[in-house]
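S.K.: Before we start, here is the structure in question, set down as structure tokens.
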Amino acid sequence: MQNAMSRFSTQPKWFRLSTYLVLIYLTYALLIGVVTPAVLKAKLPNIVKENTGRDAAVEDIAINPFLLKIEVTNFVIYPNIHSSNESEDNAVIQNQENHFFSVGNVSLDVGFWQSLFTFTPAVESLTIDEPFVSIARLSESEDTQIFNFSDILTHVEKRSTKAPEEPNDTSEGQIPRITLRDFALNEGRVVIEDKVTNTLLDYPELSVDLQDLDTHALISSSSVGNKNANPKSDKSESAQSKGKLAFNQYQFNLLTAEKGNIAIDGEFQLSPLKVTTDITINDVALTPLWSLSKDLIEADLVDGKVNLSLHAEVFEQDTAFQFILERGEFGVNNLVFNADSSPATTGTAKSSQEIIAIPAFAIHDINVNALEQQVSIAEVAFDNVRVSGLFDKSGLDLQRLFTPKSPAADATSANANPSAAQEGNSAAQKGNSETEDEDVSNVATDSTNELAHETSWYVELHQFAFNDGSIDLLERSVSDGTYYRISNLNIKSGKVTTDFSKPISYTTSLHVSADPQTFSDTSKGTLSSSGSVVIAEQTVQGKAAIEQLVLSQFQQYVSPHANVTLEDGLFNLNVEFDGAFNNAADKENIDSLSVKASTSINNLSVLDDASSPLLQWQSLDVDNIEFDHASNQLSVDNIHLQAPFARLIIDEAKQTNVSKLIVASSDKSAN
């Protein structure tokens, strides 16, 4: 050994220095490439256990000492119910469903030389492959909700109480510069479960990409958020920015289990904060989310998909955050609600029946500017909406099906109120009702005025359209059962603004049919109206028309009162109206109301209980009906009756055939 050392000392200096460098480098490679990964692999599960209270495992950790590249393979954090007596090898290859959090592979490439030369922490690439996380709400009580990570929060809280608190540095400092050339999260999966409502949301494909991260980089400015922007300077600046590198660009893609897609991409800067993004949502199903409301709403959502696209900017200006939304398009397609139908309604066994179907609902060209506090929407449109309902003595079933259920606590407290106390307070409440109504009215008026001054947002909707809708309504409140079908329902309005200062034009039309047996596709009358409304001035003017309304379809409402049959008859009405209602709360206080109308009933034929003609005429025309509320006058210009016929018979007891056709009140109650 001494001979070797002596021989080495006699070697040239360059040889000895080279040998020292090689030994140092081999030692470095041994420590970084062999010892450190082995230590980390052994210590990492214990570190996770100590900080989270959860069992963890890692298959392999590798460090390339020459490229300073770190790779972690199959890192897993197990759920709280994980059995710790399984072998590590078996634990690593378990199914994802037994994992709380896992990562298939993590690769970190540190930019050592770039960090050394620029004195800036630099990372060449960071790649995360096959990450998985499962989030679940396990139970719910009045005060607390338990999640599958609640034990981690409890564990961390206990550790933080034991650790000494360090004083927080409240001084504002500059964001340190860090660069990351490429970040990629590939083939991720997120599972969100709510065991309280049996809701499961599975997102099988998640990817996130970030290129050229620089915490000090500034992205290109936008003239949208700058009131003092110069169009010429903006054009020159955008032309210069085309030749520059783009920083802090990100892409986010999420695929749902129902093949819906959420895509977000854009760029950002940290100081001053600014984020620009384009958001696209395609065919994201709503049905997986509906189970969250199953205990609140009785109706059941069976189909429906959401689409959205918009450009957004969020930025910091004058120590406040502002946002801008542009070119927004929102749509809901194939929205269908069902409800259980009873045998009494359908005549068959209990089944699920469609009550509302909206093939297409869209909001076009949404623009929101928080700086100018303006919202602009080009159009809100409903297409081919179908509604089916039942109206009986208990009311409209749609109202019951879509009204959120009140908590049981409210019902209990309401039932707990004694009736005697209510009767004792009724007299006092009645005596003070007028004073209270006046006070409430004054308070409401004052609060409304204050809110109008505080809220300066201006919203305008250029057009509302309800196209080709239909309503099927089974009426059992008055009759024994009348099937109403309102078809070709069209409603369209003009521009609507929040100040309501400008006239709002409207047009509406529909076809109606009623039948005692089933819903009829044959139109039995047309209703239409058009005009304009000025809400700020509470004025309305327009015209309305009823054309070819078949009177025989309302036989169900005549039979309980008279033993006659509406065999034939067509009703027509044309109305023009102009009114001003400055005090809507007082129905008698009408500034002006003028109505001009003309009506006609053609081919009327009414049969008695023996099916003999009772009343007939070819036409009845009433022209130029005028009513003026200011002068309290009603005038009719002309009444023309053509080819009338009436059968009136007086028997020996001096009773007419007409009196015998009237149904007595006792018969009505019996019916």
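The values are calculated or read from the model by the stated rules, or taken from the named source; none is laboratory data. Since we're looking at a predicted model, the values are computed, not measured. Heads up, the Cβs are rebuilt from the backbone with ideal geometry, glycines too, and the neighbour counts pull from every protein chain shown. Note: areas computed on protein heavy atoms with side chains; ligands, DNA, RNA excluded. Shrake-Rupley method; radii C 1.70, N 1.55, O 1.52, S 1.80 Å.
S.K.: I need the full set of residues from the range 377-395 which are touching a strand residue (DSSP E or B) at 6+ places or on another chain (Cβ under 7 Å) and over 30 Å from Ile324 (Cβ atoms), in order please. Before you say what the answer is, go through the steps one by one.
M.R.: Narrowing the range 377-395 to residues touching a strand residue (DSSP E or B) at 6+ places or on another chain (Cβ under 7 Å): 377-391.
Answer for the range 377-395, where residues must be touching a strand residue (DSSP E or B) at 6+ places or on another chain (Cβ under 7 Å) and over 30 Å from Ile324 (Cβ atoms): Asn384, Val385, Arg386, Val387, Ser388, Gly389, Leu390, Phe391.
S.K.: OK, next. Name the residues in the range 28-52 that are crowded, with 16+ Cβ neighbours inside 10 Å and within 22 Å of Asp151 (Cα to Cα), would you?
M.R.: Leu44, Pro45, Val48, Thr52, listed by residue number.
S.K.: Any idea which of Ile639, Ile625, Ile662 is surrounded by 14 or more Cβ atoms within 10 Å (Cβ to Cβ) and out of contact with any helix residue (DSSP H, G or I) (no Cβ under 8 Å at 6 or more places or on another chain)? Before you say what the answer is, go through the steps one by one.
M.R.: Numbers: Ile639 fails: surrounded by 14 or more Cβ atoms within 10 Å (Cβ to Cβ); Ile662 fails: surrounded by 14 or more Cβ atoms within 10 Å (Cβ to Cβ).
Result: Ile625 is the single residue among Ile639, Ile625, Ile662 that is surrounded by 14 or more Cβ atoms within 10 Å (Cβ to Cβ) and out of contact with any helix residue (DSSP H, G or I) (no Cβ under 8 Å at 6 or more places or on another chain).
S.K.: Select from the range 591-616 the residues that are farther than 17 Å from Ala545 by Cα, touching a Phe, Trp or Tyr at 6+ places or on another chain (Cβ under 8 Å) and open to solvent by less than 40 Å² (accessible area, probe 1.4 Å) and list them in ascending order.
M.R.: Leu604
S.K.: Name the residue that is least open to solvent (accessible area, probe 1.4 Å), counting only residues in the range 102-131 that are within 17 Å of Val208 (Cβ to Cβ) and touching a Gly at 6+ places or on another chain (Cβ under 7 Å).
M.R.: Pro131
S.K.: Among the residues of the range 635-663, which ones are more than 30 Å from Asp623 (Cβ to Cβ), among the aliphatic types (A, V, I, L, M) and modelled with pLDDT of 80 or more?
M.R.: Within the range 635-663, the subset more than 30 Å from Asp623 (Cβ to Cβ) is 649-657, 659-663.
From the residues that got through so far, the ones that are among the aliphatic types (A, V, I, L, M) too are 649-650, 653, 661-663.
The answer is Ile649, Ile650, Leu661, Ile662, Val663.
S.K.: Can you pull out every residue in the range 362-383 that is crowded, with 17+ Cβ neighbours inside 10 Å and not in a strand (DSSP E or B)?
M.R.: Within the range 362-383, Ala370 is the sole residue that qualifies.
S.K.: Moving on to the next point. So in the range 133-164, with the set limited to residues that are farther than 14 Å from Asn51 by Cβ and of a type in the set (D, E, K, R), which one is modelled with the highest pLDDT?
M.R.: Step one: of the range 133-164, the residues farther than 14 Å from Asn51 by Cβ are 133-148, 150, 161, 164.
Filter once more, so that each one left must be of a type in the set (D, E, K, R): 137, 140, 142-143.
Values: Arg137: 90, Glu140: 83, Glu142: 76, Asp143: 78.
Step by step, filter the range 133-164, then rank; the result is Arg137.
S.K.: Another question, then. Quick check, is Asn572 within 29 Å of Leu510 (Cβ to Cβ), in a strand (DSSP E or B), free of Cβ contacts under 8 Å to residues at least 60 places away in the same chain and in contact with a strand residue (DSSP E or B) (Cβ under 6 Å, 6 or more places away or on another chain)?
M.R.: Details: within 29 Å of Leu510 (Cβ to Cβ): yes; in a strand (DSSP E or B): yes; free of Cβ contacts under 8 Å to residues at least 60 places away in the same chain: yes; in contact with a strand residue (DSSP E or B) (Cβ under 6 Å, 6 or more places away or on another chain): yes.
Yes.
S.K.: The conditions are (1) without any contact (Cβ under 8 Å) to a residue 40 or more places away in the chain; (2) in a strand (DSSP E or B), and Lys259 fails exactly one of them. Which is it?
M.R.: (2)
S.K.: Take the range 618-639 and flag every residue that is of a type in the set (A, V, I, L, M) and closer than 17 Å to Asn572 by Cα.
M.R.: Narrowing the range 618-639 to residues of a type in the set (A, V, I, L, M): 620, 622, 625, 630, 634, 636, 639.
Hits for the range 618-639 are Leu620, Val622, Ile625, Val636, Ile639.
S.K.: Residues Val284, Val302, Val336: which one is in a strand (DSSP E or B), open to solvent by 60 Å² or more (accessible area, probe 1.4 Å) and of a type in the set (Val, Ile, Thr)?
M.R.: Numbers: Val284 fails: open to solvent by 60 Å² or more (accessible area, probe 1.4 Å); Val336 fails: open to solvent by 60 Å² or more (accessible area, probe 1.4 Å).
Selected residue: Val302, the only one of Val284, Val302, Val336 that is in a strand (DSSP E or B), open to solvent by 60 Å² or more (accessible area, probe 1.4 Å) and of a type in the set (Val, Ile, Thr).
S.K.: So Leu510 ticks every box in (1) modelled with pLDDT under 95; (2) in a strand (DSSP E or B); (3) not hydroxyl-bearing (Ser, Thr, Tyr) but one. Which box is left unticked?
M.R.: Unmet condition: (1).
S.K.: Surrounded by fewer than 16 Cβ atoms within 10 Å (Cβ to Cβ), out of contact with any helix residue (DSSP H, G or I) (no Cβ under 8 Å at 6 or more places or on another chain) and modelled with pLDDT of 95 or more, is that true of Ser530? Spell out the reasoning first.
M.R.: Details: surrounded by fewer than 16 Cβ atoms within 10 Å (Cβ to Cβ): yes; out of contact with any helix residue (DSSP H, G or I) (no Cβ under 8 Å at 6 or more places or on another chain): yes; modelled with pLDDT of 95 or more: yes.
Taking the combined requirement at face value, the residue satisfies it.
S.K.: Answer with yes or no whether Ser552 is polar (S, T, N, Q), touching a residue at least 12 places away in the same chain (Cβ under 8 Å), open to solvent by less than 50 Å² (accessible area, probe 1.4 Å) and in a strand (DSSP E or B).
M.R.: Spelling it out, it is not the case that Ser552 is polar (S, T, N, Q), touching a residue at least 12 places away in the same chain (Cβ under 8 Å), open to solvent by less than 50 Å² (accessible area, probe 1.4 Å) and in a strand (DSSP E or B).
S.K.: Of the residues in the range 108-132, how many are at pLDDT below 85 and of a type in the set (Ser, Thr, Tyr)?
M.R.: 3
S.K.: Taking the range 132-145 only, how many residues are within 20 Å of Val72 (Cα to Cα) and open to solvent by 30 Å² or more (accessible area, probe 1.4 Å)? Lay out the reasoning, then the answer.
M.R.: So the first thing to find is which residues in the range 132-145 are within 20 Å of Val72 (Cα to Cα), and the list is 132-133.
Checking the rest, the ones that are also open to solvent by 30 Å² or more (accessible area, probe 1.4 Å) come to 133.
Number satisfying all stated conditions: 1.
S.K.: Turning to a different aspect of this structure: Check whether at least one residue in the range 289-297 is free of Cβ contacts under 8 Å to residues at least 40 places away in the same chain, crowded, with 18+ Cβ neighbours inside 10 Å and on the phi < 0 side of the Ramachandran plot, and report yes or no.
M.R.: Looking for residues that are free of Cβ contacts under 8 Å to residues at least 40 places away in the same chain, crowded, with 18+ Cβ neighbours inside 10 Å and on the phi < 0 side of the Ramachandran plot, one finds at least one in the range 289-297, hence yes.
S.K.: For the range 514-543, which residues satisfy the criterion of being of a type in the set (A, V, I, L, M), over 15 Å from Leu573 (Cβ atoms) and more than 32 Å from the chain's Cα centre (by Cα)? Spell out the reasoning first.
M.R.: Quick first cut of the range 514-543, residues of a type in the set (A, V, I, L, M) only: 514, 527, 533-536, 540.
Keeping just the survivors that are over 15 Å from Leu573 (Cβ atoms) gives 514, 533-536, 540.
Residues satisfying the conditions are Ala514, Val540.
S.K.: Tell me, which residue of the range 466-507 that is in contact with a Pro (Cβ under 8 Å, 6 or more places away or on another chain) and not in a loop (DSSP other than H, G, I, E, B) is most open to solvent (accessible area, probe 1.4 Å)?
M.R.: The qualifying residue most open to solvent (accessible area, probe 1.4 Å) is Tyr483.
S.K.: List, please: which pairs have Cβ atoms under 6 Å, are six or more places apart or on different chains, and start with a residue in the range 484-502 that is on the phi > 0 side of the Ramachandran plot and end with one that is open to solvent by 40 Å² or more (accessible area, probe 1.4 Å)?
M.R.: Asn488/His511; Phe500/Ile535; Phe500/Ala536
S.K.: For the range 616-648, give me each residue that is outside any strand (DSSP E or B) and within 23 Å of Ser594 (Cα to Cα).
M.R.: Within the range 616-648, the first condition is being outside any strand (DSSP E or B), and the residues that meet it are 629-632, 643-644, 647-648.
Within the range 616-648, His629, Ala630, Ser631, Asn632 meet the criteria.
S.K.: Next up: Return the pair list, or none, for Cβ contacts closer than 8 Å from residues in the range 101-120 that are in contact (Cβ under 8 Å) with a residue 24 or more places away in the chain to residues that are in a helix (DSSP H, G or I) and surrounded by 12 or more Cβ atoms within 10 Å (Cβ to Cβ), at least 6 apart or on different chains.
M.R.: Sorted first by the residue in the range 101-120, then by its partner, the pairs are Ser102/Gln96; Thr120/Gln114.
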